[in-house]
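Novice: Dropping a structure here in structure tokens format, bear with me for questions.
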Amino acid sequence: MPVVTVDLWPGRSVNQKRRLVAAITEAMVEHTGAGSEHLHVIIHDVAKDSWGRDGRLGIDNEPGEPDAPAKAPAPKASKVFGFAHLLLQVRDLDASKKFYAELLGFTGRNAKPLTDGRPFVPFKQGIALTTGGPGGAPQIDHMAFRVSGVDALAARLQAAGVKFFQDLHDGIYGRTIYVADPDGNKIELYEEPR
């Protein structure tokens, strides 16, 4: 039963803590092989008057001025953290949901419905499915996902009759396959070398 403890000054929102717990869990599962169902992440909010560094309490803004008013925080610089998600319009929502959930093993997640009323199937792996396409020229070359057990995954996809753009090979990121989802979108699945 792995336990990860994080001590922070108070002030993070519940959504920030949700994202932190999800990121820590994902990293522990990926890098240590821990099972997410047994992993505990504990966040302690520690008051600034109970946290010291470099000989001073956190509430002491300036040496010799423990009660000085806090300075307004400087505006945060812009930073792109990485890919967040892709909303993919598909012809047959059930067929696409089966491909991503059952064949690839994606994990569904809860989410608010789309504001325009279309059905919506989101996954923790960064894509969500909805109706409304494809009809015109494809706008995506391919989507890539890091995986483990790519050999077994390739065998499962072949047994299911999934179209392969490229069979299992040593690609630039590791052992790689390229397959088509039910709408013909190219999906890259690769396993990094250990």
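Each reported figure results from applying straightforward, stated rules to the coordinates on display, with no laboratory input. Small disclaimer: the values here were computed from a predicted structure and weren't measured. Neighbour counts are summed over all protein chains in view; Cβ atoms, including those assigned to glycine, are modelled from backbone coordinates with ideal geometry.
Novice: Using the Kirkwood radius over Cα pairs, work out the Stokes-Einstein diffusion coefficient for the range 88-179 at 25 °C and 0.890 mPa s, in µm²/s as a whole number.
Specialist: My calculation gives 168 µm²/s for D.
Novice: If you don't mind, another one. Simple spin-label model, 7 Å along Cα-to-Cβ: ALA111 to LEU86 in nm?
Specialist: Using points 7 Å along Cα→Cβ, the separation is 1.3 nm.
Novice: Also, quick follow-up: Work out how much length HIS142 to ALA155 would gain on full extension: take 0.36 nm times their residue separation and subtract the Cα-Cα distance, in nm to one decimal.
Specialist: Value of the extension gain: 2.6 nm.
Novice: Then there's this: Within the range 86-191, how many Lys pairs sit with Cα atoms under 20 Å apart, leaving out pairs fewer than 8 places apart on the same chain?
Specialist: Counting lysine pairs in the range 86-191 gives 10.
Novice: Further question: Output wanted: per-residue J couplings in Hz (rounded whole) for the range 181-194, from phi through Karplus 6.51 cos²θ - 1.76 cosθ + 1.60, θ = phi - 60°, x for Gly and Pro.
Specialist: The phi angles translate into 7, x, 9, x, 5, 7, 10, 9, 10, 9, 10, 5, x, 8 Hz.
Novice: Starting from the amide H of PHE165, placed 1.01 Å from N in the peptide plane, find each other amide H under 5 Å away whose residue is 5 or more places distant or on another chain.
Specialist: Amide H neighbours of PHE165, under 5 Å, 5+ apart: TYR178, VAL179, ALA180.
Novice: On to the next question. Mind checking which aspartates and glutamates have their C-alpha under 12 Å from LYS48, skipping anything on the same chain fewer than 8 residues away?
Specialist: Filter leaves ASP7, ASP60.
Novice: Additional query: Picking from THR5, ASN15, LEU57, whose Cα lies most toward the positive end of the charge dipole for the range 3-57 (charges on Cβ: Lys, Arg +1; Asp, Glu -1)?
Specialist: LEU57
Novice: Another question, if that's okay. Under the rule of at least 5 residues apart or a separate chain, name every residue whose amide H is placed under 5 Å from the amide H of TRP9.
Specialist: The list, which skips near neighbours in sequence, is VAL46.
Novice: Right, next: Starting with the highest mean, order 110-118, 176-184, 18-26 by the number of other Cβ atoms within 10 Å, averaged over the residues of each peptide.
Specialist: 176-184, 18-26, 110-118
Novice: A further question follows. Residues with amide H under 5 Å of ALA144's amide H, sequence separation 5 or more or different chain, H placed in the peptide plane at 1.01 Å from N; which?
Specialist: When sequence neighbours closer than 5 places are left aside, the close amide H contacts are GLU188.
Novice: Sticking with this structure for a sec: Give a residue-ordered list of calculated ³J(HN,Hα) values for the range 17-26 (Karplus: 6.51 cos²θ - 1.76 cosθ + 1.60, θ = phi - 60°; whole Hz; x for Gly, Pro).
Specialist: With the stated coefficients, the range 17-26 comes to 5, 4, 5, 5, 4, 5, 5, 5, 4, 4 Hz.
Novice: Also: Stretch ASP45-GLU26 to full length: gain in nm at 0.36 nm per residue minus the Cα-Cα span?
Specialist: Between ASP45 and GLU26, full extension yields an extra 4.6 nm.
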